[in-house]
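Okay, structure first, notes after.
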Amino acid sequence: MPRILIVAPNWIGDALMAQPLLGRLREKAPDAKLDVLAPEWVAPVARRMPEVDEVIVVPFRHGALQLRERWQIGRELKGRAYDQAIVLPNTWKSALVPFFADIPLRSGYAGELRYGLLNLLYKKNGGSMPEQYARLSEPPGKAPAPPLPAPRLRAVPHQIAATLARFGIEGPYAVFCPGAEYGPAKRWPYFEQLSGRLSIEKILLGSPNDAESARGVPGKNLVGKTSLDEAIDLIAGARFVVSNDSGLMHVAAALGRPQVALFGSSSPLHTPPRSGATRVLWLQVECSPCFERACPLGHFRCMREMTVEMVAEEIHNLAAH
């Protein structure tokens, strides 16, 4: 039985876009032990992936080397005798734990000159993020066979009901995700106006960093007030979701919830919400996608010209299906 350690990405959305890799590994080796090494803010998503056997939570912070902690965790993992590690982040430091754990096969993209730390290297050659991750299930240079497995998260009805009761939510509701951790160029500016047009109860979700984006939007504001597990349960119970290109957009897609996904500076071809229940709005103005955190031209047309009427029509189309 092969034992494989997956070093997870550091962002929720990226972790979900990597799930097709896990699905393909499971297809190839149904009896394999697939463990995921993840930071604490990604771990709740990994625990709900049916392909994952165990999630190993690590105390690593964004941007921090923490060399001693990585060495200690690597030595602790050495006794597990993993056959392979697949390192999904591109950073040099993310490859240290498998190296310190003496895992014999350590694969991933070359990234930050990781020669030696990794001994099975891949080169990126385009494609969507899910496709790029899924290539790591094949030998270098070989493309994974389509179709890729879809992302899926477990959601338990009684747990959803308990979370709704905890926050005093009754009856049908929609979830709005007005933030985007990456930057303002991903944030649609008209959630307040959209909320005023809809009679259904609105629940606002996001991290504490999204508080400003939620300010003034009518609805039950739970931004920064839930755990990620609670946010997943609330999305699972929603009638529909409206979200910017964010981690919670990918959560809604993995839960199969009807959703309108709003793209501005980014591209649904690169970071697609992989669900037949998602309708994507992307104006494709001539400067989009720029992938910048803030609009470099100052006009923000990619989001400002996406009207409330456009989004409301897509919500209506969700109901029609």
Taking 8 Å as the Cα distance limit and 6 or more residues as the minimum spacing, I'd like the relative contact order of the range 182-321 as a percentage. 26 percent
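Under 1.5 on a/c is rounded, so check that first for the range 131-175, then, if it is not, pick prolate when a/b is larger than b/c and oblate when it is not; a ≥ b ≥ c are the square roots of the alpha carbon gyration tensor eigenvalues. Display every interim value, and only then the final one.
Working: a/c = 4.78, a/b = 3.89, b/c = 1.23.
It comes out prolate by the Cα gyration axes.
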Simple spin-label model, 7 Å along Cα-to-Cβ: L105 to A165 in nm? 4.8 nm
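What is the dipole size for the range 175-294, taken about its Cα centre, with +1 at each Lys and Arg Cβ and -1 at each Asp and Glu Cβ, in debye to the nearest 20? Kindly include the intermediate steps, with their values, before the conclusion.
Values: 12 positive and 11 negative charges, 59 e Å.
Dipole about the Cα centre, nearest 20: 280 debye.
Can you give the FRET efficiency for A145 and A319, using 1/(1 + (r/R0)^6), R0 = 35 Å, r = Cβ-Cβ distance, to the nearest 0.05?
On the way: r = 36 Å, r/R0 = 1.02.
Calculated transfer efficiency: 0.50.
Using Cα pairs under 8 angstrom and six or more residues apart, how large is the relative contact order of the range 64-176, in percent?
Working: 116 pairs, mean separation 18.6, N = 113.
Reported relative contact order: 16 percent.
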Just grab the label-to-label distance for L121 and Q193, each label 7 Å out from Cα along the Cβ direction, in nm (one decimal). 5.1 nm
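Distance cut-off 32 Å, Cα to Cα: go down the list K33/K124; K28/K202; K123/K225; K33/K202; K93/K220; K28/K225 and report the pairs above it.
Details: K33/K124 27 Å; K28/K202 42 Å; K123/K225 41 Å; K33/K202 41 Å; K93/K220 40 Å; K28/K225 40 Å.
Over 32 Å Cα-Cα: K28/K202; K123/K225; K33/K202; K93/K220; K28/K225.
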If I model a spin label as a point 7 Å beyond the Cα along the Cα-Cβ vector, how far apart are those points for D229 and H299 in nm? 4.8 nm
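Using a probe of 1.4 angstrom, how much of the accessible area of the chain is carbon and sulfur, in percent?
Values: 7660 of 14290 Å².
Answer for the chain: carbon and sulfur cover 54 percent of the accessible area.
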Could you provide, to the nearest whole Å², the per residue accessible area of the chain with probe 1.4 Å? 45 Å²
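What are the trypsin sites (Lys or Arg not before Pro) within the range 170-238 that DSSP puts in a loop, where the Cβ has at most 16 other Cβ atoms within 10 Å?
Values: sites: K186, R187, R197, K202, R215, K220, K225; in loops: R187, R215, K225.
Those satisfying the criteria are R215, K225.
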I need to check one value: relative contact order of the range 1-143, counting alpha carbon pairs closer than 8 Å and at least 6 residues apart, in percent. 25 percent
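Sort K28, K123 by heavy-atom solvent-accessible area, probe 1.4 angstrom, most to least.
Working: K28 110, K123 175 Å².
The residues order as K123, K28, largest area first.
The values are calculated or read from the model by the stated rules, or taken from the named source; none is laboratory data. Only a predicted model underlies this, so the values are computations on that prediction, with no experimental measurement involved. Heads up, the Cβs are rebuilt from the backbone with ideal geometry, glycines too, and the neighbour counts pull from every protein chain shown. Just so you know, the surface numbers come from the protein's heavy atoms only, side chains and all, with ligands and any DNA or RNA stripped out. Shrake-Rupley method; radii C 1.70, N 1.55, O 1.52, S 1.80 Å.
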